[in-house]
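The values are calculated or read from the model by the stated rules, or taken from the named source; none is laboratory data. Bear in mind that the values here come from a model prediction, so they are computed numbers and not experimental data. Cβ atoms come from the backbone with ideal geometry, glycine included; neighbour counts cover every protein chain shown. For accessibility, only protein heavy atoms count, side chains too; no ligands or nucleic acids. Shrake-Rupley method; radii C 1.70, N 1.55, O 1.52, S 1.80 Å.
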Amino acid sequence: MDLSDSPEDAEFRARLRDWLGKVLPTLPPKPSPDDWPGRRAYDLGWQRTLYDAGYADVHWQASPSVRLIFLEETEKAGAPYVGAGFVGLLHAGPTVAAEGTAEQRARWLPPILRGDEVWCQGFSEPDAGSDLAALRTRAWRDGDDYVVSGSKIWTSHAEVADWCELLVRTDPGAPKHRGITWLAMPMGAPGITVRPLRTLAGSAEFAEVFLDEVRVPVANRVGEENDGWRVTMVTLSFERGTAFVGEVVACRRVLGELAREARTNGRWDDPALRRRLGRLNAEFRALWRLTQWNVSEAEATGGLPGVGGSVFKLRYSQARQELYDAAADVLGDVSLDLDHPWVTDRLSSLSYTIAAGTSQIQRNIVAERILGLPKGR
Amino acid sequence: MRFQLTEDQRALRDGVRGLLARRFDRTALRAAVDRPGRLDRALWRELGTAGFFALRLPEADGGVGLGLPEAVLAFEEAGRALLPGPLIATHLAAGRVPGAADGETVVAAVDGGGVVEWLAQADVVLGGAEDLEGAVRMRSVDPLTPLHRVPAGLGAPVAVDPVAVLLTAAEQLGTAARACELAVQHARAREQFGQPIGAFQAIKHLCADLLVRVEAARAAVYAAAVTADPADIAAARLLADEAAVRGARDCLQVHGGMGFTWEADIHLLLKRAWVRTRRAGADTESEEMLADDLLSGAGR
């Protein structure tokens, strides 16, 4: 068991730190959360900066430990988050890289890496959330096109996306996990309506997407027709892998700020609150170690992160909510003021036990795939 | 960073597990419950011969010369098997008290909380007053851990050794893992309403939570063994205590009425876990220490 960097990893960490120290002071100010075009430009600008410095493909090419160091150091330095590039860099890009043709890789991958194009994820539907394979958006062949009708929901970045990784049903007669196909849909195509959805946090973080006989070229299909479920599982294994690494680092920083705020405003004198913060310190230390364990395991087995990601996500999504509940107790009455960032973060944290597979679904995955308990209902 | 067990560490863990399976199986465990307060000196010597107590003693001093990670793996196995005796006190005494390293001497210790485990069976008792005749025997909640209380004023408070805290956490981790295994075994085998109860989501979720707590505790305990950092050790202790105590409770719940019987082993897991939570200062001290760490540790 070793927690220290290998010589190559240490060299990468030092070089990255040095570069971040130089480049971060030159960045423009962050746009406001409601300014979608501004956020797109900002996030893509950061991706371009990474591209020019040779860090753009760190999520795809590098070893798991280098990816971990990249996420750790960028977060510690306060670098911009992947933001609008999230789906392209962490879902669609790796999926196209693994399953696409040479032509598809050449068309879609360079613009993702350069920060020229934004992708969104057209997976969930009003009646297909945790039961994703129940999706009903239809696609049928008409010459060289698929014609797509239906609707998608919870689609992040849909307003500013160039492409959508879209799951459609191409064979309604087949069992529900078969008969699904993975398409890359250009968001400018006629027949697409995007309606922003306001979340309980008050902001429009995602959208509904309505599809009315949208034509998508057959050439935009990744994988075989009706083989989209298998392609999707490739996508999801990326989603649950290292997606939360930067956030754990950020939570540890917030926890330190909470303690200092509590000492400033006098709440620190409450032993119950103090001990609760101490316990959260233990929790986030353990989550960081669990991340390192999972990354080391992925490196040792030379592949994708395994179901260990479900173990991590269960614990992390809960801990994040407890962190911001503690923040509310530190803030007292201020916890009712939406102008405080911890208050909006508290609201946002409510999505964590739902998004990317609810905690209940994750528990079923852990019980059936790790512990070997029988499938049931 | 290779935060995984090395081949040697796996071999060590498997070796200790094998030894305990041979020498302290379920039959031996239940026999020990039926003869409370008696320590198996032959087993103690075998542990000594296998290097359990001398694991971290330098080779030059006749020890095995391994480190904290290896000790943590060995104590995790002891916790899994519910091995009784003042294991940590004797391990810490190796090289300092004659006979401790090879298991000839049984060493007990007064811990920070003023409780002594296995006082009557010990050859040597460390810490506290010279004379522990004033110690009061308790009717121990754990049938496998006889306890004495040292009244206040009898002896000076004992400084808590972080290594003792870490090895306690390792034992808790082993017990938590055992609770998870027992719960899953039962959930697969026990049928109700015409199917294994593990097919029901309510049982599945109990089992999944058992595993999540074990894995979080494991990462924290192993990392603390590598860094030996006091805050890491305190964190490991909190997570391991939670994994063991909540794990044993949930395991009992999965077993239903059977779990509430003396014949089922689950109460032994829970009671031992309770005893260990009181060792070396209670959880509150670790929580306070980690709270202070938030103010001093700048963004670690």
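Just for region B:255-288: of the residues that are within 11 Å of chain A (Cβ to nearest Cβ) and crowded, with 20+ Cβ neighbours inside 10 Å, which one is farthest from the chain's Cα centre (by Cα)? Among those that are within 11 Å of chain A (Cβ to nearest Cβ) and crowded, with 20+ Cβ neighbours inside 10 Å, it is B:GLU287.
From the residues in region A:328-377 that are within 14 Å of chain B (Cβ to nearest Cβ) and hydroxyl-bearing (Ser, Thr, Tyr), which one is farthest from the chain's Cα centre (by Cα)? So the residue we want is A:SER359. Scanning for something buried (at least 18 other Cβ atoms within 10 Å of the Cβ) and over 18 Å from the mean Cα position of the chain (by Cα), does region A:229-249 turn up at least one residue? Taking every residue of region A:229-249 in turn, at least one turns out to be buried (at least 18 other Cβ atoms within 10 Å of the Cβ) and over 18 Å from the mean Cα position of the chain (by Cα). Taking B:PRO36 as the residue in question, decide whether it is touching a residue at least 60 places away in the same chain (Cβ under 8 Å), on the phi < 0 side of the Ramachandran plot and either open to solvent by 30 Å² or more (accessible area, probe 1.4 Å) or assigned to a helix (DSSP H, G or I) (or both). So B:PRO36 fits the description; yes. Condition (residue is touching a residue at least 12 places away in the same chain (Cβ under 8 Å) and either farther than 30 Å from B:ASP8 by Cα or part of a strand (DSSP E or B) (or both)) applied to region B:97-107: is it met by at least one residue? Yes. Strands (runs of 3 or more DSSP E) fully within region A:106-204 that include at least 1 residues being open to solvent by 50 Å² or more (accessible area, probe 1.4 Å) and touching a residue at least 24 places away in the same chain (Cβ under 8 Å): A:138-142, A:145-156, A:192-197. So which residues in region B:56-89 are open to solvent by 10 Å² or more (accessible area, probe 1.4 Å) and in contact with a His (Cβ under 8 Å, 6 or more places away or on another chain), if there are any at all? Scanning region B:56-89 gives a single hit, B:ARG56. Could you say whether any residue in region A:122-133 is under 14 Å from A:ALA56 (Cβ atoms), of a type outside the set (Gly, Ala, Ser) and at pLDDT 95 or above? The answer is no; no qualifying residue exists.
Against the numbered list (1) within 10 Å of another protein chain (Cβ to nearest Cβ); (2) open to solvent by less than 10 Å² (accessible area, probe 1.4 Å); (3) within 21 Å of the chain's Cα centre (by Cα), A:LEU323 comes up short only at (1).
Considered as a group, the residues in region B:190-216 that are closer than 30 Å to A:ASP5 by Cβ and facing chain A (nearest Cβ under 7 Å) include one that is most open to solvent (accessible area, probe 1.4 Å), and that residue is B:GLU215. Scanning region A:361-371 for residues that are over 17 Å from A:ALA133 (Cα atoms) and either touching a residue at least 24 places away in the same chain (Cβ under 8 Å) or open to solvent by 40 Å² or more (accessible area, probe 1.4 Å) (or both) returns A:ARG363, A:VAL366, A:GLU368, A:ARG369, A:ILE370. Whenever a residue of region A:83-99 is open to solvent by less than 10 Å² (accessible area, probe 1.4 Å), its partners that are assigned to a helix (DSSP H, G or I) and β-branched (Val, Ile, Thr), lying with C-beta atoms within less than 7 angstrom and at least six residues away or across chains, give the pairs A:ALA84/A:VAL160; A:GLY88/A:ILE112; A:LEU89/A:ILE112; A:HIS91/A:THR235; A:GLY93/A:ILE112; A:THR95/A:VAL231; A:THR95/A:VAL234; A:THR95/A:THR235. One residue alone among A:ARG198, A:ARG169 is at negative phi and more than 23 Å from the chain's Cα centre (by Cα), and that residue is A:ARG169. Just wondering, is there one or more residues in region B:233-245 that are at negative phi, surrounded by fewer than 20 Cβ atoms within 10 Å (Cβ to Cβ) and either more than 9 Å from chain A (Cβ to nearest Cβ) or not aromatic (Phe, Trp, Tyr) (or both)? Within region B:233-245 (the criterion being at negative phi, surrounded by fewer than 20 Cβ atoms within 10 Å (Cβ to Cβ) and either more than 9 Å from chain A (Cβ to nearest Cβ) or not aromatic (Phe, Trp, Tyr) (or both)), the answer is no, since none of the residues qualifies. Taking B:VAL226 as the residue in question, decide whether it is within 7 Å of chain A (Cβ to nearest Cβ), part of a helix (DSSP H, G or I) and in contact (Cβ under 8 Å) with a residue 24 or more places away in the chain. Yes. The helices (runs of 4 or more DSSP H) located wholly in region A:278-377 that include 2 or more residues which are among the hydroxyl-bearing types (Ser, Thr, Tyr) and within 30 Å of A:GLY122 (Cα to Cα) occupy A:308-331, A:341-349.
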